[in-house]
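In what follows, a single structure is set out as C-alpha cells and then discussed.
The values are calculated or read from the model by the stated rules, or taken from the named source; none is laboratory data. Bear in mind the structure is a predicted one, so any value in this text is a computation, not a measurement. Virtual Cβ from ideal backbone geometry, glycine too; neighbours counted across all protein chains shown.
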Amino acid sequence: MIDRTIIESISWAESYLKDHGIDSPRLTAEIFLCFSLGLERLDLYLQHDRPLEKNEFARFKVLVKRRIEREPVAYITGEKGFFESDFQVQKGVLIPRPDTEVLVETAIDLLGALEDQSRAKNVLELGVGSGAIVVSLAKACPGHVYFGCDLSRIALETAIENASNLSQTPIRFFQGSWFDAVGPGESFDMILSNPPYIPTKDIEKLALEIKNHEPSLALDGGVGGLDSIANILDNARGRLVPGGRLLIEMGFDQRDAVLSLIRTFPEYETIEFIRDLAGHVRLVSIKKRN
C-alpha cells in the first residue's frame with residue numbers, strides 16, 4: 001500500500017466522517033491530524049504532499065474511529081478552547097461551551113461596576129467542572145479573591161490543573177455539593193454558576209456525544225430542570241454581601257420559571273436576563289438588596 005500524504009489522509013477522514021453523519025467532517029479531520037502529528041493547521045497545507053508514516057496514519061485512524069463512536073472531539077484530544085484559553089478536559093468533566101462565555105463576559109463587566117473598589121472582591125463559582133469559568137475570570141480580573149467548588153473529584157482535579165497552567169491568580173478549590181463545603185462565616189461579592197438545568201426526561205433526547213459521554217451529574221437538573229437553580233437561589237441569599245451579584249446560566253426556555261423562583265425571595269432585586277450570541281436567553285443576573 002502506498003503511504004497517504006497529509007492531504008490524502010484529510011480527504012479520506014473527511015469522507016469517512018461525513019458518511020457516518022459526523023458534523024464538520026473536514027475540520028474534525030484537520031484537528032485530529034494536527035493532534036496526531038503535533039502540527040498547526042496551517043502546517044497541514046504547507047506540508048500537504050508529505051507522506052504519513054504507517055504508525056502516524058494508524059494513530060490518526062484510531063482518533064477518527066473514536067469519533068465515529070460519537071465520542072466528543074474534546075475528550076479525544078483532551079482539550080477544549082474557551083474564552084481566551086485552551087482547557088484540559090477528560091471524561092467525567094463537562095466540556096465548556098461557547099454559550100457560557102457570556103457568563104464570563106458579564107462577570108468581568110460586573111466586577112468592574114461593583115461598589116467599593118478599594119478592596120478585592122470575593123468571587124465563588126459553584127460547580128466548576130474544568131474550571132473554565134473561574135480560571136478565565138481570574139485571568140481577566142486578577143485583583144480579586146477566587147474560590148471554586150465541585151462535587152466531582154475528577155472535575156476538581158481537572159480544574160486545579162487548569163488553574164495551575166493558565167492563571168497566575170491563586171484560586172482556592174474545595175469539594176462539596178453547592179454550598180455544603182463553604183464555611184459558615186464566608187460571604188461573597190459575586191457567586192456564579194453553570195448548574196445542571198436539563199429536565200431529566202430530556203436527557204435521553206440529547207445528542208449521543210452528550211448523553212453517552214458527558215457526566216449526567218453536570219447535566220440533569222431534576223424533573224423540571226430547576227432543582228439546582230432553586231438550591232442556589234435559596235442558599236446564595238445568605239452568602240452574598242448586600243449589593244452582591246448572582247449569575248446563573250440556564251436553559252433558553254426557562255426564563256419565566258426562573259423569574260418566578262427568584263420572586264419568591266425578597267432579598268433579590270435588579271433581575272436581568274442576558275442573551276447569548278445566538279440570541280437565546282442564557283443567563284440571569286441578580287443583585288442582592290442593600
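Filter the range 26-54 down to residues that are among the small types (G, A, S) and assigned to a helix (DSSP H, G or I) and give me whichever is modelled with the highest pLDDT. Top of the filtered list is A29.
Applying the condition of being crowded, with 16+ Cβ neighbours inside 10 Å and touching a residue at least 40 places away in the same chain (Cβ under 8 Å) to the range 51-60 and asking which residue is nearest to L27 (Cα to Cα) yields F60. When residues in the range 107-124 are screened for being surrounded by 21 or more Cβ atoms within 10 Å (Cβ to Cβ) and either within 11 Å of the chain's Cα centre (by Cα) or without any contact (Cβ under 8 Å) to a residue 40 or more places away in the chain (or both), 0 of them pass. Every residue in the range 67-86 that is surrounded by 16 or more Cβ atoms within 10 Å (Cβ to Cβ) and touching a His at 6+ places or on another chain (Cβ under 8 Å), please. Those that are surrounded by 16 or more Cβ atoms within 10 Å (Cβ to Cβ) and touching a His at 6+ places or on another chain (Cβ under 8 Å): R70, E71, P72, Y75.
Evaluate the following for Y75: is it of a type in the set (F, W, Y) and under 27 Å from I160 (Cα atoms)? Yes: the conditions hold for Y75.
Among the residues of the range 127-180, what is the count of those that are of a type outside the set (G, A, S) and assigned to a loop (DSSP other than H, G, I, E, B)? Break it down into steps so the answer makes sense when it comes.
As a first pass, look at the range 127-180 and keep what is of a type outside the set (G, A, S): 128, 133-135, 137, 139, 141-142, 144-147, 149-151, 153-154, 156-158, 160-162, 165-166, 168-175, 178-180.
Subsequent filtering for residues that are assigned to a loop (DSSP other than H, G, I, E, B) retains 128, 141-142, 144, 151, 168-170, 178-180.
The number of residues fulfilling the criteria is 11.
Among the residues of the range 184-221, the ones that are touching a strand residue (DSSP E or B) at 6+ places or on another chain (Cβ under 7 Å) and outside any loop (DSSP other than H, G, I, E, B) come to 10 in all.
Note on the range 261-290: among residues that are in a strand (DSSP E or B) and more than 24 Å from the chain's Cα centre (by Cα), the one that is surrounded by the most Cβ atoms within 10 Å (Cβ to Cβ) is K288. Give all pairs with beta carbons closer than 6 Å in which a residue from the range 177-194 that is closer than 19 Å to C141 by Cβ meets a residue that is among the small types (G, A, S); count only pairs at least 6 apart in sequence or on separate chains. From the range 177-194, the pairs are D189/G244; I191/A236; L192/A107; S193/G127.
On the stretch given as the range 277-290, residues that are closer than 11 Å to T106 by Cα and of a type outside the set (V, I, T) total 2.
Yes/no per residue for (1) out of contact with any Gly (no Cβ under 9 Å at 6 or more places or on another chain); (2) surrounded by fewer than 19 Cβ atoms within 10 Å (Cβ to Cβ); (3) farther than 19 Å from D220 by Cα:
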| residue | (1), (2), (3) |
| --- | --- |
| L137 | yes, no, yes |
| V145 | yes, yes, yes |
| G148 | no, no, yes |
| S152 | no, no, no |
| T158 | no, no, yes |
| W178 | no, no, no |
| L206 | yes, yes, no |
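Residue count for the range 157-173 satisfying the condition of being within 16 Å of V123 (Cβ to Cβ) and among the β-branched types (V, I, T): 2. For the range 179-208, the set of residues classified as within 22 Å of R153 (Cα to Cα) and either among the acidic types (D, E) or in contact with a Pro (Cβ under 7 Å, 6 or more places away or on another chain) (or both) consists of D180 only. Of the candidates V93, V89, V104, the single residue that is of a type in the set (V, I, T), touching a strand residue (DSSP E or B) at 6+ places or on another chain (Cβ under 6 Å) and either closer than 23 Å to L217 by Cβ or surrounded by fewer than 16 Cβ atoms within 10 Å (Cβ to Cβ) (or both) is V89.
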